[in-house]
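Read through the structure below, which is laid out as structure tokens, and then see the notes.
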Amino acid sequence: MRPEALQYVIVTMVMKSAVEDDDAGWGLGIPEKMKNNANWVDITHEFKGACKELNLGELLHDKLFGLFEAMSAIEMMDPKMDAGMIGNQVNRKVLNFEQAIKEGAIKVKDLSLPELIGIIDTCFCCLITWLEGHSLAQTVFTCLYVHNPDLIEEPALKAFALGILKVCDIAREKVNKAAVFEEEDFQAMTYGFKMANNVTDLRVTGMLKDVEDELQRKVKSTRSRQGEQRNPEVELEHQQCLALFNRIKFTRLLLTALITFTKKETSSVGEAQKLVAQAADLLSAIHSSIQHGIQSQNDTTKGDHPIMMGFEPLVNQRLLPPTFPRYAKIIKREDMVAYFGKLIERIKTVCDVINTTNLHGILDFFCEFSEQSPCVLSRSLLQTTFLIDNKKVFGTHLMQDMIKDALRYFVSPPVLSYKCCLFNNHQAKDYIDSFVTRCSRPFCSLIQIHGHNRARQRDKLGHILEEFATLQDEAEKVDAALHSLLMKLEPQRQHLACLGTWILYHNLRIMIQYLLSGFELELYSMHEYYYIYWYLSEFLYAWLMSTLSRADSSQMAEERILEEQLKGRSSKKTKKKKKVRPLSKEITMSQAYQNMCAGMYKTMVALDMDGKVRKPQFELDSEQVRYEHRFAPFNSVVTPPPVHYIQFKEMSDLKKYNPPPGSADLYLAASKHFQQAKLILENVPSPDPEVNRILKVAKPNIVVMKLLAGGHKKETKVLPEFDFSAHKYFPVVKII
Amino acid sequence: MATMIEENGPSTHEQSDVSSSSQARQKLEGLLNKNMRIRMTDGRTLVGLFLCTDRDCNVILGSAQEFLKSTDTFSQGEPRVLGLAMIPGHHVVSIEVEADSLEDAQGFGAHH
């Protein structure tokens with residue numbers, strides 16, 4: 001049809017005259033009662049005709065709407081983007097809870113034991129899938145029973161449904177409060193579902209306990225008696241009762257543990273730890289009784305979801321947001337028990353944090369915990385255990401006091417020494433108190449950052465450097481003010497770069513962690529390794545070690561003064577006993593890390609000389625662009641000043657040596673660095689797992705570098721392999 | 001010779017093309033930002049603002065709402081908010097606009 005005809009049709013339609021046109025597709029159109037009573041007019045044919053007149057690739061659009069906006073549209077009928085089409089493809093009726101009860105598709109009373117066990121196990125699987133980042137609508141709320149527990153008449157199922165809702169509600173509250181999640185970790189939306197808010201926590205645990213007691217009676221009554229001929233049916237019932245009992249008890253213990261975490265007292269953490277340990281004891285019994293539960297019945301090979309009584313995977317399909325549909329693959333029952341086991345282990349570890357009192361120790365605790373890539377719930381529990389209601393550490397200590405203790409432990413600044421005149425000086429007190437108060441927010445953020453997932457941590461560490469740069473500036477000013485005050489009062493003492501050293505130490509730690517995490521996240525290409533390792537060994541670790549030794553000597557100066565004052569008072573001779581320096585372990589480890597980085601740097605340069613590093617064809621970028629991008633967050637830091645690409649090139653230029661080293665020299669030097677790292681680490685008293693992990697890399701690398709220095713496989717064109725399986729940051733170099 | 005054909009041949013043909021295609025364009029532009037209702041091949045209906053189209057009749061609707069097919073028993077009539085949605089041309093079954101939006105769209109019917 002020509003467009004003119006189209007216009008005619010439309011004009012006549014507007015005038016609401018009858019039109020005898022049949023190919024315009026009238027019949028399809030005039031609406032039922034879709035949206036409002038608007039008068040819809042079909043223009044299908046005309047519209048399509050008009051579209052055909054457009055040029056290939058031409059977009060007809062408003063001035064305000066461009067290709068850029070068009071990009072963010074979701075594509076209908078594309079299964080990857082269109083969540084709505086899934087429901088339409090399944091040939092069965094999707095019923096909600098009330099409808100299912102009405103149609104008799106679901107039982108609310110007289111459920112058999114296998115049914116109860118199967119429903120509970122599936123709910124557990126849903127709960128875990130939710131905790132792993134899927135939406136409640138696609139996991140826990142695919143169980144129709146939890147939509148409205150009031151409609152359930154079976155007491156065990158009702159108590160369980162309420163219990164699981166409470167578990168979800170408390171977990172959600174904890175995760176929300178800790179705020180260490182991103183969309184990839186956790187979906188906090190409840191889609192307007194009631195999370196059993198009309199029943200108190202205590203009532204729910206009470207209901208669970210009642211059911212538990214009732215089940216225990218049944219377990220006892222069906223128990224085999226001595227000399228009795230065992231009836232296999234009774235035996236089966238006994239097993240099933242026991243299985244249900246264990247599941248109900250597990251739910252109650254898990255819920256009680258989570259409730260305990262919400263209490264304010266520190267002692268409650270120990271209590272929670274006991275409760276989860278009790279829950280863990282039930283897991284093997286739960287695992288061995290999985291087969292007692294009913295399984296889903298339909299054939300899942302045709303792409304449909306498994307259907308269990310009481311579950312409807314598509315019941316909430318309409319509630320999903322218009323983003324890409326995420327398919328929530330509910331984990332298997334066999335894996336459920338193992339997951340609970342690991343979750344409980346993590347929660348137990350979290351509870352241990354309260355035994356760490358020093359701020360640096362707490363920071364290390366958070367770093368170590370994060371290295372296992374824990375789940376969002378345990379990460380959140382750690383955060384909320386650390387700062388209760390965002391005020392006090394473990395609910396008892398002020399963050400300011402923690403910071404003062406950390407300063408005393410690290411640099412022993414005179415201003416915080418009871419024996420120094422500054423300690424009771426009002427002005428000095430003002431200075432230090434306002435500085436410490438100023439510090440508490442950045443340090444809380446730093447600890448919070450360690451609660452995020454590994455990939456997000458890196459990004460956030462880059463940003464927090466800005467805050468620490470300002471803090472650094474303030475620390476130096478306060479140091480100067482305190483020094484001039486001290487010079488007037490006690491001319492023999494100094495207050496130089498105490499607070500500054502402490503902040504610098506944290507600055508360097510953040511920078512080092514930022515660079516190292518790039519290896520863990522596999523962000524760097526092989527040809528970038530050399531400048532990353534150079535930056536670490538020649539620059540950051542060098543700074544870190546000098547910072548640590550400055551802190552150490554500041555501690556010693558303070559100790560000397562204390563000793564002298566002590567001598568003056570009591571004439572008793574103080575024993576000259578060699579004390580273990582508090583920072584010695586950290587200094588040692590930094591030396592080892594520096595040697596590992598230096599070894600890797602020289603390895604990479606030598607491999608490059610031998611043509612064994614694949615380099616990209618730089619077209620749109622250059623090495624400089626990449627370098628500057630890698631170290632961009634460091635530009636906000638004043639101390640240490642960022643090393644720009646040109647400086648790096650000058651500093652690392654091998655031509656300044658006479659004669660310039662060849663690849664063999666560099667392999668040999670690298671081997672010596674790895675050797676040095678090994679020596680240092682083997683002398684560490686009571687080595688921790690980290691020491692052993694580094695040794696696992698250092699040892700083979702010593703050998704490989706020696707071989708390479710001797711010309712082993714010099715001619716091979718096969719590129720070396722870097723195996724990061726032994727250590728996240730340092731690879732074992734493999735020549736094939 | 002070849003150039004002659006290229007210069008003369010298509011140009012006359014293009015003349016009529018240009019006018020009809022510019023008219024088509026004008027008509028479509030008249031519908032921009034108007035409410036539009038599109039039924040898709042799977043029976044669902046989307047209602048939203050007409051924002052963009054192309055030669056293959058791919059349509060982008062803004063602030064789109066999704067209605068299920070009328071035969072559906074469950075949560076029928078309750079729309080789901082989709083936002084910006086693109087309907088591929090080959091999935092478009094029918095297109096409707098509100099009558100009064102056609103009255104406004106002068107370009108659509110006036111230049112007859």
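Taking every DSSP helix (H) stretch of at least 4 residues in the protein assembly as shown, weighting each as -39,500 (n - 2.57) and dividing the sum by the residue count yields a mean residue ellipticity at 222 nm of -18000 deg cm²/dmol.
In degrees from 0 to 90, rounded to the nearest 10, what is the angle of the helix A:376-386 Cα long axis to the longest principal axis of chain A? Computed tilt is about 50 degrees.
Taking square-rooted eigenvalues a ≥ b ≥ c of the alpha carbon gyration tensor, is the stretch A:492-637 rounded, prolate or oblate, where a/c under 1.5 means rounded and, failing that, a/b exceeding b/c means prolate? In terms of gyration-tensor shape, prolate. Given R0 = 22 Å, the distance between the Cβ atoms of A:ALA480 and A:LEU398 translates into a calculated FRET efficiency of 0.25. Panel values: the stretch A:97-332, Kirkwood radius from alpha carbon pairs, Stokes-Einstein at 37 °C and 0.692 mPa s, translational diffusion coefficient 174 µm²/s. Provide the FRET efficiency to the nearest 0.05 for the A:SER221-A:GLN297 pair, computing r from the beta carbons and using R0 = 30 Å. With R0 = 30 Å, the Cβ-Cβ based efficiency is 0.40. Between the stretch A:69-142 and the stretch A:383-439, the alpha-carbon centres lie 52 Å apart. The peptide list A:152-158, A:173-179, put in order of mean Cβ contacts within 10 Å with the highest first, becomes A:152-158, A:173-179. Quick check: the distance between the Cα centres of the stretch A:330-346 and the stretch A:491-530, to the nearest angstrom? Between the Cα centres of the stretch A:330-346 and the stretch A:491-530 lies a distance of 37 Å. For chain A, the relative contact order comes to 10 percent (Cα pairs under 8 Å, sequence separation of at least 6). Counting only other chain Cβ atoms within 10 Å of each residue's Cβ, the peptide B:37-44 averages 5. A simple charge model with +1 on the Cβ of Lys and Arg, -1 on the Cβ of Asp and Glu and nothing else charged puts the dipole of the stretch A:678-736 at about 240 debye relative to its Cα centre. The residues packed around A:GLU682, meaning those with a beta-carbon under 15 Å from its beta-carbon, carry a net charge of +3 if Lys and Arg are +1 and Asp and Glu are -1. Computed about its Cα centre, the charge dipole of chain A is approximately 3800 debye, with only Lys, Arg, Asp and Glu carrying charge at their Cβ.
Counting charges near A:ILE403 (Lys, Arg +1; Asp, Glu -1) among other residues having Cβ under 12 Å from its Cβ returns a value of +1. In percent, rounded to a whole number, the relative contact order of the stretch A:97-332 is 32, using alpha-carbon pairs under 8 Å and six or more apart. Seen from A:LYS672, the other residues with C-beta closer than 15 Å to its C-beta sum to a net charge of +3, counting Lys and Arg as +1 and Asp and Glu as -1. The stretch between A:LYS264 and A:ASP62, if pulled fully straight at 0.36 nm per residue, gains 67.0 nm over its current Cα-Cα span. The label-point distance for A:LEU620 and A:VAL703, in a model that sets each label 7 Å from Cα toward Cβ, rounds to 4.5 nm. Against chain A, whose longest principal axis is taken from its Cα atoms, helix A:359-371 shows a tilt of about 50°.
Among A:THR256, A:TYR531, A:GLN676, which residue has its Cα positioned farthest towards the positive end of the charge dipole of chain A, with +1 placed on the Cβ of Lys and Arg, -1 on the Cβ of Asp and Glu, and the dipole taken about the Cα centre? It is A:GLN676, whose Cα lies furthest towards the positive end. Once the Cα atoms are used to define both axes, helix A:584-609 deviates from the longest principal axis of chain A by about 80 degrees.
The modelled label-to-label distance between A:ALA277 and A:ALA179, using points 7 Å beyond Cα along the C-beta direction, is 3.5 nm. Computing FRET efficiency as 1/(1 + (r/R0)^6) for A:LEU719 and A:GLU228, where r is the C-beta to C-beta distance and R0 is 56 Å, gives about 0.15. Across the stretch A:394-516, the mean sequence separation of Cα contacts (distance under 8 Å, 6 or more residues apart), normalised by length, yields a relative contact order of 28 percent. Once you sort the root eigenvalues of the Cα gyration tensor of the protein assembly as shown as a ≥ b ≥ c, which label holds: rounded (a/c under 1.5), prolate (a/b larger than b/c) or oblate (the other case)? Oblate, because a/c is 1.5 or more while a/b does not exceed b/c. Using Cβ point charges alone (K and R +1, D and E -1), the dipole size of the stretch A:97-332 about the Cα centre works out to roughly 420 debye. Sketch the reach of a paramagnetic label on A:ASP352 as a point 7 Å from Cα along Cα-to-Cβ, and name the residues of the stretch A:387-410 whose backbone nitrogen lies under 20 Å away. Only A:387, A:394 pass the distance filter. Give me the log10 of I(q) over I(0) for the stretch A:579-629 at q = 0.17, 0.22 Å⁻¹, as the Debye formula computes it from C-alpha points; what are the numbers? Normalising to I(0) and taking log10 leaves -0.73, -0.90.
Read-outs throughout are calculated quantities, based only on the coordinates presented, and are distinct from any laboratory measurement. These numbers come from a predicted model, not from an experiment. So basically every Cβ, Gly included, is an ideal-geometry build from the backbone, and we count neighbours across all protein chains shown.
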